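*Asks:* I have a structure here, written as structure tokens, and I will follow up with some questions on it.
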Amino acid sequence: MGAIKYLVILLFFFHSCDKNSPNDKGTDFTTNPLKLRSYVEEIKVNQMLLKLSGLKPKPIAIINGTLIEPQNGEVINDGIILIEDERIVYSGLNDNNILLDKYEVIDAENKYVIPGLVDMHVHTAYRNDQKLLNLINGVTSVREMAGQQWMIGVRENIRNSRLMAPNLYIASNMLNYYSLGMHTTVVKSKKDVEKAISEFENIGYNYIKIWNNIPNNLFDTIITEAERHNLKVVGHIPMNVNIADALAGMYTLEHFKGYVSNNNQEITDENYVELTNKYQPWLCPTFYTTNVGLSGAVADSMIKRSEESKYVSPFELEKWEESKKINDKLPKNSPYIKQARNMKIVFQNLNTVNPRYLAGTDSGGGFSFLVPGFGLHDELKTFNELGMTPLETLQTATSNAAKGLLREGKLGTLKEGARADFLILNANPLEKITHLKSIDEVIIRGIRLDNKQISSIKEFLTKLYDKNNTLYKDEKDGVKILVDFYKKNRSPSFSKPHILKEIANDLKASGFYQEAAVIEQNI
């Protein structure tokens, strides 16, 4: 296998933030029964989400806990937080004069309260289990980095507590000179850019996302046009744009693109340290993404023995096995390894200028070895191992994230007026960042998920993804489960157009033509 083939693999898995559109030919369930099983698993997940969506916010008082404010590291012992109408109405020292009669009281003695975590780089177009995986890992907000128009309806359902899921912020469909399928909008002229950004504003995207292939003249047009529409530009530094121009115009930068070349994984010759110090951009490295290059014993261990593998569909684990086989054939100094090494060098070189970091994972896009929720803890662990203090690390997924989302004071804090998204932990994350995993309870939009409910979700997922657990009697029964669900549930939260198209194609390939016609009515 030549060097070009290695690069193609790298660009597809690591650099694309994209996934192929549905296969029009479809998959025969007889030859790939795990495909049908994966669809039924998704139905079961959706039914769990519907059940959890019946939970509503209520007045809550958290008392006797240690409150940790990430913005400044302030710690309040014996603190109290009062929640009403999804917002924090009081946060501070416990006051015995406060009447708690109308509140559901949570005693957080010997526990630690922090804002909910934010994953600043995800993809939500595929499996809905990521909503549950994020919640059980304390992720209460996510930023979608390749938006689709139907996601706006999902965002509204979440905001209005009609869907139990992390709060959703959506970057636009990715602007690129070439098509990469459904996640890209092709722009080849000033007129294309103007039209796309005007449409994106009307759709309701929060930010404008750009990808790798944008010529310099179009890059300048995108920045100018986005400013005219009062929208920030986020995403990849395009391959032909220098760092100085990118940092002057972009708001958040992903994967250390530009700092590390997309073409050869070498560190740029530009003085990126000085430029970063000058412009102070928000940087979202997504070290976790380099997991897609796992091979050998490390990949084998993650597939068969890791904690997170218990929360992964057998259908997805089969893909992991295939990815491992590909990665095993790469040389020891593969592009994946080189990319990961140089990203860490860039990070360490930037330490002298105190850059502004955001925690993100690139999870949810169908890439191997990337597990939503679990991945954010892995990313934070990497930040800490590279020299960040526990507080600095915590900030990347809380107070920094709020600023990166242009929502400072509205999330990522325990201060009055903020949305009631926070975690109750059994151990102090300022002592050890891995203590963020010691989640006792999750509060999201004023809705309480206590320890019992979190454990129930974990048990549900591990049982669902146990390959020995039978989900339906036979192929015909599995198809009936699919059709019955989508007949009744047409919400964009569950009926994703490209997934429905894929299901319909697979049904046809498997001989279920009438059932395919029913699914197509929902597209």
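The values are calculated or read from the model by the stated rules, or taken from the named source; none is laboratory data. None of the values given here were measured: they were computed from a predicted structure. Note that we place each Cβ from the backbone using ideal geometry, even for glycine, and neighbour counts take in every protein chain shown.
*Asks:* With respect to the numbered conditions (1) touching a strand residue (DSSP E or B) at 6+ places or on another chain (Cβ under 7 Å); (2) among the aliphatic types (A, V, I, L, M); (3) at pLDDT below 95, which one is the sole condition not fulfilled by Met250?
*Replies:* Result: Met250 fails condition (3) only.
*Asks:* Might you let me know whether region 341-354 holds any residue that is within 29 Å of Ala125 (Cα to Cα) and either under 18 Å from the mean Cα position of the chain (by Cα) or surrounded by 24 or more Cβ atoms within 10 Å (Cβ to Cβ) (or both)? I'd like the intermediate steps shown before the answer.
*Replies:* Here is the first cut: in region 341-354, the residues within 29 Å of Ala125 (Cα to Cα) are 343.
Now restrict to residues that are either under 18 Å from the mean Cα position of the chain (by Cα) or surrounded by 24 or more Cβ atoms within 10 Å (Cβ to Cβ) (or both): none.
Scanning region 341-354 turns up no residue that is within 29 Å of Ala125 (Cα to Cα) and either under 18 Å from the mean Cα position of the chain (by Cα) or surrounded by 24 or more Cβ atoms within 10 Å (Cβ to Cβ) (or both).
*Asks:* What pairs can you find where one residue is in region 451-478 and more than 23 Å from Lys437 (Cα to Cα), the other is of a type in the set (Phe, Trp, Tyr) and assigned to a helix (DSSP H, G or I), and their Cβ atoms are less than 8 Å apart, with a gap of 6+ or different chains?
*Replies:* Here the result reads Gly478/Tyr39, each pair linking region 451-478 to a residue that is of a type in the set (Phe, Trp, Tyr) and assigned to a helix (DSSP H, G or I).
*Asks:* Sticking with this structure for a sec: Can you tell me how many residues within region 365-393 are closer than 27 Å to Ala146 by Cβ, part of a helix (DSSP H, G or I) and out of contact with any helix residue (DSSP H, G or I) (no Cβ under 7 Å at 6 or more places or on another chain)?
*Replies:* Within region 365-393, residues that are closer than 27 Å to Ala146 by Cβ, part of a helix (DSSP H, G or I) and out of contact with any helix residue (DSSP H, G or I) (no Cβ under 7 Å at 6 or more places or on another chain) number 1.
*Asks:* Another question, if that's okay. Give the residue, chosen from Ser161, Ser141, that is assigned to a strand (DSSP E or B), touching a residue at least 24 places away in the same chain (Cβ under 8 Å) and small (Gly, Ala, Ser).
*Replies:* Ser141
*Asks:* Of the numbered conditions (1) in a loop (DSSP other than H, G, I, E, B); (2) without any contact (Cβ under 8 Å) to a residue 24 or more places away in the chain; (3) touching a Leu at 6+ places or on another chain (Cβ under 7 Å), Phe29 fails exactly one; give the number of that condition.
*Replies:* Every condition holds for Phe29 apart from (2).
*Asks:* Checking the structure you have, find out if any residue of region 449-468 is assigned to a strand (DSSP E or B) and either at pLDDT 95 or above or on the phi > 0 side of the Ramachandran plot (or both).
*Replies:* yes
*Asks:* Now for a different question. If I ask for residues that are touching a residue at least 60 places away in the same chain (Cβ under 8 Å), under 27 Å from Asn160 (Cα atoms), surrounded by fewer than 21 Cβ atoms within 10 Å (Cβ to Cβ) and of a type in the set (A, V, I, L, M), which ones from region 67-103 would you list?
*Replies:* The answer is Val89, and nothing else.
*Asks:* Quick check on my filter: what residues within region 202-238 are part of a loop (DSSP other than H, G, I, E, B), within 24 Å of the chain's Cα centre (by Cα) and either under 20 Å from Glu270 (Cα atoms) or of a type in the set (Gly, Ala, Ser) (or both)?
*Replies:* Gly204, Asn212, Asn213, His236, Ile237, Pro238
*Asks:* Given the structure, is Glu441 in a strand (DSSP E or B) and charged (D, E, K, R)?
*Replies:* Numbers: in a strand (DSSP E or B): yes; charged (D, E, K, R): yes.
So Glu441 passes the test.
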